[in-house]
Amino acid sequence: MSRGAGLARRWNVLRHAVCLCALAMNFVAVASPLEGAEETIPFPVKEVASGVFVYEAPVALADAGNLGAIANLGFVIGDDGVAVIDTGGSLAAGQRLLAAIRERTSLPIRYVINTHAHPDHVLGNMAFDGNGVTFVGHSNLPQSLADRARNYLAASSTLIGASFKGTEIVLPDLLVGDAVELDLGHRRLRVEAWRTAHTNTDVTVLDEKTDTWFLGDLLFMRHVPALDGSLAGWIITLESLRARPVSRVVPGHGPSSAPWPGAADPMTRYLASLKADVRSAIRQGDTISEVALQAVQQEAGSWLLFNAFNPRNATVAFHEFEWE
């Protein structure tokens, strides 16, 4: 798809949703997403491998203090350009990431890759829109974002407040149905789409030069996993991921990098326990409300934000396994 066609489709699909949100939340338009970016305080980032940088986000819920930047964000610098992996939960968060990039290189940003559809990973895209940037995502990502645009913008605006001003959704131009390779100049990134797991829009990004693998929210560490797709699919996908040796991985939530596959051990245990508990409860005739309160309580002490996400995980899993 051409850049012009991509922009036209973004406008046609999201104009109605964004306008409704702007009226409802009393949004104020900004002249340009890059305006004032030079004055923005950069996110602190760590170089986890040569030319690979990660902002390690707090394990927290989105609020005004963190600007919705509650997922790990990254960028990779090649000889000819830069690729960004996830952009945060607001325009302001994206601008802080952009400022961190500009502290380290003046090379053009060629690609923005969204690992999946959730707002903490995509709502900073506006900071990078224009200037020849290609947005990359799963083939399911445009529809998922179009369906959720109004809710994502309204909910995030409420949580983040005035700092959310000017945030809009940017859809991908380059869609990944299987895998694509992106060239940054003597540096290739392999972007690979996966079956429905954490969501139905999950992609991973492998920097072949340093053997660093961005897993997005297919891997949670410290932060309890959040299920928005298929529990059975996630378990299968995680098995496939674990079978591939790499030097290090970058989780969607948790430390900036971790050794593989050991980093997946706690989440593997949690997902297996969730599946076992929910299926057992269904066989016993427990209600969905009972399952939401009781499932995998043995895991409560092992994860942050457990009570915020575990009941929903159990509910999603109940619906998945109820009629198997």
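Compute the angle between helix 3-25 and the longest alpha-carbon principal axis of the chain, please, reported from 0 to 90 degrees and rounded to the nearest 10. Between the helix axis and the principal axis of the chain, the angle is about 70 degrees. Label-to-label distance for Arg102 and Asn307 is 4.3 nm, based on points extended 7 Å past Cα in the beta-carbon direction.
Given only helices, namely DSSP H runs of n ≥ 4 each adding -39500 (n - 2.57), what is the per-residue ellipticity at 222 nm of the chain, to the nearest 500 deg cm²/dmol?
Values: 8 runs with 116 residues, N = 324.
Calculated mean residue ellipticity at 222 nm is -11500 deg cm²/dmol.
Approximating the spin labels as points 7 Å out from Cα along Cα→Cβ, the His319-to-Val246 distance works out to 3.0 nm. Taking the centroid of alpha carbons for each part, the range 285-324 and the range 55-69 are 25 Å apart. Comparing mean-square fluctuations of Thr158, Thr268, Thr201 from a GNM of the chain with C-alpha springs under 10 Å, the top value falls on Thr158. Would you tally the net charge around Thr87, using a Cβ to Cβ cut-off of less than 13 Å, leaving Thr87 out, and scoring K and R as +1, D and E as -1? Around Thr87, the charge tally is -3.
Can you figure out the FRET efficiency of Gln294 with Glu47, using R₀ = 45 Å and their beta-carbon distance, to the nearest 0.05? List each step's numbers first, then the result.
Numbers: r = 44 Å, r/R0 = 0.97.
According to the calculation, E is roughly 0.55.
For helix 91-104, what angle does its Cα long axis make with the longest principal axis of the chain, in degrees from 0 to 90 and rounded to 10? Result, in degrees: 60. For the range 99-180, the square roots of the Cα gyration tensor eigenvalues, ordered a ≥ b ≥ c, give a/c of at least 1.5 with a/b no greater than b/c, which places it in the oblate category. Rounding to the nearest 10 and keeping the result within 0 to 90°, find how far the Cα-based axis of helix 265-284 lies from the longest principal axis of the chain. Helix 265-284 sits at roughly 50 degrees to that axis.
None of the figures in this text is laboratory data; all of them are computed from the coordinates on show. Bear in mind that the values here come from a model prediction, so they are computed numbers and not experimental data. All Cβ positions, even for glycine, are placed from backbone atoms using ideal geometry, and neighbour counts span all protein chains on display.
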